[in-house]
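Just so it is clear, none of the values below were taken in a lab; they were calculated from the coordinates. The structure presented is a predicted model; accordingly, all values stated were derived computationally and were not measured. All Cβ positions, even for glycine, are placed from backbone atoms using ideal geometry, and neighbour counts span all protein chains on display.
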Amino acid sequence: MRGAAGRRLLLGGIVALALLAPVLVPAYRNQLSLLWVMIVFALTWDLLGGQMGYNSFGNVLFFGVGMYACALVQRDAGLGYQAGLFLGIGAGALAAVAAAALLGSGMLGLRGHYFAIGTLGLGIAAGELAGGWDFVGAGGGMVPPLFPGELGGRETFFYYLCFALAATTFPFLRWLYAGRFGLLLNAIRDDEDKAEAMGLRTTRYKTAAWCISAFFLGLSGGVVGNLLGFIDPREVAFAGSTFGVWMVLMAILGGKGTLWGPVLGAVVFHVTKELFWTYLLGWQRVALGLLIVVIVVFFPVGILGWVRERWPERAPGGGR
Amino acid sequence: MTPILEVQRVRKAFGGLVANKDVSLRVPAGGIFGLIGPNGSGKTTLFNSIVGHHPIDAGSIRFQGREISRLRVPEIARLGLLRTFQQTRIYGGMTCLQNMVISVSPAELGWRSMFRRSPPGDLRKAEDLLEFVGLHAKRHLRAGDLSFGQQKLLEFAMALMSGPRMLLLDEPTAGINPTLINGLLERLRRVNRQFGITLLVIEHNMRVIMDLAEYIYCLAHGELLAEGKPEQIQKDPRVLDAYLGAR
């Protein structure tokens, strides 16, 4: 089989390039760190939006919860930098999962557009709450502790942390989709009433899926808070109009409901966005808005979906 | 013999429209029973009431001696009482085989096993059942790309996959190629005989239901109009009136 070996070679190449990137292109370490985070955004969004058919506009909530929880542990636990950071990231993931479990029982009872609109409110409400809560710095936000190492070491450190995050999320989801859980999610996407009529415990599966999504978003929240070095409640942590919308767009652009689609979408989107910010300064948001329109109009099924429609026999991507 | 399904004086109204009025019926374990009636007579409403799709206004529904009229759809399904839909419902974006393996009894999809792959036994059973309904050659196709009749057969196979005790079939032959209907009837009888699955069948095709069912209930205007063996029902003047209009 040409496919399996070729795919392994491609994957190996990507991993090797990713590991060498800080040496090869040191100036782009922060950009590439954010790229890995974007890939995690798109993948975790697609878990619900693509595989399960629940379009969430509130996933950024879990990102923000993870970011704040991590910063609080770093601030208040009185640990050294490394211990505080990793404990904080773990605490962020747990807090995000707890939030998903709590919200899931109520929100996941909503279907279709109602769920989408309901979740849209979540991120906004969370941003307002954090912006008014003195314990987490209110509107002034929080500043995670400074990285103790030498100059430049910080960028490399967080680059590898972000890479590790993406390199954990992707294989985990691939494993998840290959098992029965993936089929359960697809069944809910295709016909939830049928799934219930077959006796499936759909609420349990939906909540589990949201918790898994929240887990990786919580992890990335902790990492990104430290990577950016500043936590603003509305512009960074619960940034619904940027991160929150980008998650959706990247997954749709690449092809939702596929394993590689969100990865592809995140890369294309992030690179394009950075080019706009570099070469179209002043008009970058207009260009980004136009890009979004182009995505929705011309690639309604995403890049991967479009490729599959044109060359169905050469269906790329490994996963479903 | 105690009935596996016992419906007693069930009433269901939608606003001012009384869709089921004091409907009672009994289906013994292992039987093949029919439910007929003109369009709008309340057959599907009764099915929906039995499987917990909506709450009933009055009456009682017992399955294997247990009151189920307060339970919800998935809970009733897990007791082994499954229904198929008049407008066939399958998981359109998945392959036929995937549709099958995810239709195993929900008891096998607990916390631990739901993250594993389907065991080889499930795959074999799924392939056997697809063979049984004549869809084996299509097993790797997207279920949504099948014809309506084929989707109907797939839905039937999915129901069998979960190992129910009783099946409520809503017009199993509608949309199926007439030349295949006899084959489907044969399969329904085999399912009943070999797997011991009790069947309650809504059917509009009179030839089919008279041939298949051992006992028939006839609804009209939401009320039970007549019941009896097929020969009795066929001759019953009230049934003829209901279908052809009163003389």
Taking r as the C-beta separation of A:L11 and B:R116 and R0 as 25 Å, the FRET efficiency to the nearest 0.05 is 0.55
A convex hull over the alpha carbons of the stretch A:25-314 yields, per residue, a volume in Å³ of 141 Å³
Quote to one decimal, in nm, the extra length available between B:R70 and B:S24 on full extension: 0.36 nm per residue of separation minus the C-alpha distance between them.
14.8 nm
Along the principal axes of its C-alpha atoms, what lengths does the protein assembly as shown span, in descending order and rounded to whole Å?
95, 56, 43
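Which net charge results for the neighbourhood of B:L225, defined as the other residues with beta-carbon distances under 13 angstrom from its beta-carbon, given Lys and Arg at +1 and Asp and Glu at -1?
Details: positive: B:K21, B:K43, B:R238; negative: B:D22, B:E223, B:E227, B:D236, B:D241.
That sum, taken over residues with Cβ under 13 Å, equals -2.
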Of the residues A:L129, A:A98, A:G49, the Cα lying farthest along the dipole of the stretch A:25-314 towards its positive end, which is defined by charges on the beta carbon of Lys, Arg, Asp and Glu, belongs to A:G49
If you take the charge dipole of the protein assembly as shown about its Cα centre, with +1 on Lys and Arg Cβ and -1 on Asp and Glu Cβ, which of A:V268, A:L110, B:I76 is farthest toward its positive end?
B:I76
How high is the FRET efficiency from B:Q8 to A:W311, r the C-beta distance, R0 56 Å, rounded to 0.05?
0.40
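What list do you get for B:D170, A:D46, B:D22 if you sort them by fewest beta carbons within 10 Å?
Lowest count first: B:D22, B:D170, A:D46.
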About its Cα centre, what dipole magnitude does the stretch A:137-249 give when the only charges are +1 on Lys and Arg Cβ and -1 on Asp and Glu Cβ, stated in debye to the nearest 20?
320 debye
For the stretch B:1-41, what class follows from the C-alpha gyration tensor (a ≥ b ≥ c being the square roots of its eigenvalues): rounded when a/c is under 1.5, otherwise prolate if a/b is larger than b/c, else oblate?
oblate
Among B:G134, B:H221, A:G66, whose Cα projects farthest towards the positive end of the dipole of the protein assembly as shown, with charges put on the beta-carbon of Lys, Arg (+1) and Asp, Glu (-1)?
B:G134
With Cβ to Cβ distances under 15 Å as the rule, what net charge do the other residues near A:E235 carry (K, R +1; D, E -1)?
0
Partner aspartates and glutamates for B:K152 [C-alpha distance under 13 Å; skip if fewer than 8 residues away on the same chain]
B:D170, B:E171
From the square roots a ≥ b ≥ c of the eigenvalues of the alpha-carbon gyration tensor of the stretch A:127-222, which class results: rounded (a/c under 1.5), prolate (a/b over b/c), or oblate?
oblate
If you put +1 on each Lys and Arg Cβ and -1 on each Asp and Glu Cβ, how big is the dipole of the stretch A:25-314 around its Cα centre, in Debye rounded to 20?
500 debye
For a Förster distance of 51 Å, can you work out the FRET efficiency between the beta-carbons of B:R124 and A:W283, rounded to the nearest 0.05?
0.25
Where Rh is the Kirkwood radius over the Cα pairs of the stretch B:34-148, the temperature 25 °C and the viscosity 0.890 mPa s, what D in µm²/s does Stokes-Einstein return?
148 µm²/s
Counting other beta carbons within 10 Å of each residue's own, what order do A:V245, A:V271 fall into, fewest first?
A:V271, A:V245
Positive minus negative residues near A:G254 (Lys, Arg vs Asp, Glu; Cβ under 13 Å):
+1
With a length cut of 18 Å (Cα positions projected on each helix's long axis) and a Kyte-Doolittle mean of at least -0.5, go through chain A and give me the DSSP H helices that pass.
A:2-24, A:29-46, A:60-76, A:81-107, A:112-131, A:153-178, A:202-228, A:261-279, A:284-298
Exposure proxy order (Cβ contacts within 10 Å, fewest to most) of A:T119, A:T156
A:T156, A:T119
Degrees, to the nearest 10: B:120-133 long Cα axis against longest axis of chain B
50 degrees
